[in-house]
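A quick write-up on the structure given underneath.
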Number of protein chains: 2
Amino acid sequence: MSKKVNGKEKGRLSRQRIIEEAERLFARQGYSGTGLRELAAAAGVNLAMINYFFGSKKQLLKEILDGFLAGYLEVARQELQGDEEVRVRLDRFVRCAVAYFASHRDALLVTIAELPRDDPEIIEYKAAWGRQMMEIIDREICQPLAREGSRRLSPHLIGPLLTSMMASRFLFAPVMERMAGGGEVRGGREYAELVSRIVLDGIEGERNHNYGSVN
Amino acid sequence: MSKKVNGKEKGRLSRQRIIEEAERLFARQGYSGTGLRELAAAAGVNLAMINYFFGSKKQLLKEILDGFLAGYLEVARQELQGDEEVRVRLDRFVRCAVAYFASHRDALLVTIAELPRDDPEIIEYKAAWGRQMMEIIDREICQPLAREGSRRLSPHLIGPLLTSMMASRFLFAPVMERMAGGGEVRGGREYAELVSRIVLDGIEGERNHNYGSVN
DNA sequence: CCAGGTCTTAAACAAACGTTTAATTAAAAC
DNA sequence: GTTTTAATTAAACGTTTGTTTAAGACCTGG
């Protein structure tokens with residue numbers, strides 16, 4: 001162990017290690033299901049360090065959620081806006097967001113599992129993030145699509161829908177891995193392509209569109 | 001309060017009330033975040049009744065997961081098989097599954113939030129359910145589509161994808177409700193239609209399919 | 001009426017929980 | 001070299017946790 005750090009960095013490293021282990025444990029056992037003693041042991045720090053750095057367990061959770069959601073929002077901003085047509089930007093966004101999810105898998109799982117929780121300390125801040133996300137999706141996807149003549153889509157439905165699609169693989173991964181004959185964790189590349197294709201053209205993908213109306 | 005039940009039914013009613021309140025509380029506070037005393041108070045029963053009926057807290061969770069997943073599997077079996085073309089059956093399945101999710105909202109949230117947990121007592125049983133689900137989806141969707149000439153789809157990707165799409169609205173609902181200017185819980189009918197349309201034809205829906213290849 | 005099963009209760013158990021305190025070490029600043 | 005500041009430690013705080021126990025209430029079948 002490299003205990004000989006420059007001094008000033010020592011605390012920062014402990015702090016970082018706590019966050020990383022918290023994401024790992026919260027994803028596997030849940031936020032409430034993970035004790036601070038177990039977390040401290042996994043991170044190799046003293047129990048009191050967690051409250052020293054973050055003030056409380058809930059504040060640590062907030063920091064994890066904030067870090068992940070801010071990064072996701074950043075991806076949406078960067079990939080969804082531009083002069084290209086909606087299809088191109090949507091395809092780019094899906095690929096980048098899936099890649100972002102893959103590299104922040106634990107934080108993603110923590111965020112999704114804590115989404116439905118109605119803790120008053122956290123829900124309002126999640127709503128604030130949601131408002132920004134809806135704004136981007138409405139401006140860059142829904143409005144352009146409506147201008148092209150497609151039916152008007154509500155960003156409040158499309159936003160969660162897109163996010164859930166891109167996250168589905170990671171959400172189900174623990175179960176899939178336990179299933180025989182499949183589920184080995186392959187590169188997320190082809191998965192991103194599948195999601196993009198379905199979002200753009202449906203499950204049959206760029207063919208067979210000459211069916212009559214259904215129902 | 002109708003305390004005057006036929007006698008033999010009394011226990012069954014208490015048991016039922018415990019399950020209902022457990023779904024409600026687990027959905028809002030998480031499984032680990034809900035204490036048995038709080039649950040007992042909400043259900044109007046004595047603390048010891050929970051262990052009397054279910055043996056342990058984890059067994060109660062298992063029963064909730066099992067009830068929901070069995071119902072979901074039943075919907076998939078009933079709506080996905082038949083002689084109609086894939087599009088028709090998929091459309092029907094999406095509408096029925098969304099309706100099922102809507103009427104079992106709390107159990108759905110509990111199930112999704114507990115999906116990534118790797119508790120050895122539960123994960124193997126979740127995997128058993130997943131295997132049955134993958135079997136149905138492969139037989140009724142992936143294979144017929146491949147026969148029609150579409151690209152071969154992996155049920156291990158399509159299954160979680162479909163489920164996540166149909167669940168997205170309910171998963172994000174607590175956050176959406178807190179957001180201003182939208183998110184009022186409207187009937188799931190138009191939401192089911194949106195999901196079905198995207199699955200079948202993509203986000204632009206039944207038009208504008210004459211774009212060139214992307215990227 | 002009484003025996004037998006189901007259901008309900010209050011009380012206690014050890015263990016684990018999140019948080020706080022006070023004392024100590026180590027590096028930085030002056 | 002001394003003062004400040006940041007990082008780390010062990011120990012204890014009072015609650016709350018899931019579970020168990022033993023006794024009592026209730027209704028049912030004989």
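Bear in mind these aren't lab numbers, they're just calculated from the coordinates by the rules spelled out. As the structure is a computational prediction, the values presented were derived from the model and not from experiment. Note that we place each Cβ from the backbone using ideal geometry, even for glycine, and neighbour counts take in every protein chain shown.
For this structure, a couple of remarks:
- Given charges at Cβ of Lys, Arg, Asp, Glu: the protein assembly as shown dipole, positive-most of A:13, A:81, A:101: A:13
- Take the Cβ atoms of residue A:51 and residue B:58, set R0 to 30 Å, and the FRET efficiency comes out at 0.55.
- Inter-copy spacing of residue A:135 label points, which lie 7 Å from Cα along Cα→Cβ, given in nm from shortest upward: 5.1
- The mean number of Cβ atoms from other chains found within 10 Å of a Cβ in peptide B:29-36 is 4, as a whole number.
- Ascending list, in nanometres, of distances separating the residue A:11 label from those of the other copies (7 Å, Cα toward Cβ): 6.0
- Compactness ratio for the stretch B:47-96: Cα radius of gyration over 2.2 N^0.38 Å (N = residue count) comes to 1.76.
- GNM result for chain A, Cα springs below 10 Å: residue of A:72, A:191, A:52 fluctuating most strongly: A:52
- Rounded to the nearest 500, the 222 nm mean residue ellipticity of chain B from helices alone is -23000 deg cm²/dmol, with -39,500 (n - 2.57) taken per DSSP H run of at least 4 residues.
- Rounded to the nearest 20 debye, dipole of the stretch A:58-201 from Cβ charges on Lys, Arg, Asp, Glu: 260
- Diffusion constant of the stretch A:7-55 at 20 °C, which comes from Stokes-Einstein with the Kirkwood Cα-pair radius and 1.002 mPa s, µm²/s: 199
- Mean Cβ neighbour count within 10 Å, used as a protection proxy, ranking A:143-150, A:26-33 highest first: A:26-33, A:143-150
- Test item: A:63-75 mean partner chain Cβ contacts at 10 Å: 0
- Shape call, chain A: gyration tensor on alpha carbons, a/c limit 1.5: prolate
- Shown for chain B are the DSSP H helices of 24 Å or more along their axis, judged by Cα atoms, with a mean Kyte-Doolittle hydropathy of at least -1.0: B:57-80, B:86-103, B:120-137, B:155-178.
- Between copies, the label points at residue B:99 (set 7 angstrom from Cα along Cα-to-Cβ) are spaced 4.3 nm, reported in nanometres from shortest to longest.
- Overall form of the stretch A:68-153 per C-alpha gyration tensor (a/c, 1.5; a/b vs b/c): oblate
- Convex hull volume per residue for the stretch A:1-118, taking Cα atoms only, in Å³: 138
- A dipole drawn for the protein assembly as shown from +1 and -1 charges on Cβ atoms has a positive end, and of B:173, A:141, A:188 the residue lying farthest that way is B:173.
- Using only Cα coordinates, the Kirkwood hydrodynamic radius of the protein assembly as shown works out to 23.0 Å.
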